[in-house]
Amino acid sequence: MNATNQHSNELSAKRIALQNTFKAHTQANGFSYEEWINPPVGSFYEGYKKELDQINDEMAPPLTYQS
């Protein structure tokens, strides 16, 4: 396996683990749409969304256009 595939697999594993923590959190605490849309500083939702965004940005970086 090359380094790119290994990194991609690691990111996928991180994303799955993150989704599992989200599932466990919502099962234990319920889902708050209000906190999801506007997460309080330091809340679970804020941390989850930041980490998910970082993983997603690495897995599919934003497109850059040539001019």
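Every number in this text was worked out from the coordinates using simple rules, so none of it is lab data. Note that the coordinates shown come from a computational prediction; the quantities given were computed from them, not determined experimentally. In this analysis, Cβ positions are derived from the backbone assuming ideal geometry, glycine residues included, and neighbour counts consider all displayed protein chains.
What's the long-distance tail for the chain, i.e. % of Cα pairs beyond 20 Å?
Values: 925 of 2211 pairs.
Percent of Cα pairs beyond 20 Å in the chain: 42.
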Quick check: pseudo-label points 7 Å beyond the Cα along Cα→Cβ at Glu58 and Val41, how many nm apart are they? 2.7
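Which order do peptides 34-47, 53-66 fall in by mean Cβ count within 10 Å, highest first? Write out the running numbers ahead of the final one.
Numbers: 34-47: 12.1, 53-66: 9.0.
Going by the mean number of other Cβ atoms within 10 Å, highest first, we get 34-47, 53-66.
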Can you find, among Phe44, Leu18, Gln54, the residue sitting farthest towards the positive end of the charge dipole of the chain, where Lys and Arg contribute +1 and Asp and Glu -1 at Cβ? Leu18
Round to the nearest 10 and give me the degree value, 0 to 90, for the angle of helix 44-59's Cα axis relative to the longest principal axis of the chain. 10
Using only Cα atoms and rounding to the nearest 10 degrees, what angle (0 to 90) does helix 3-29 make with the longest principal axis of the chain? 10
Give me the number: length gained by fully extending His7 to Glu51, i.e. 0.36 nm times residue separation minus the C-alpha to C-alpha distance, one decimal in nm. 14.2 nm
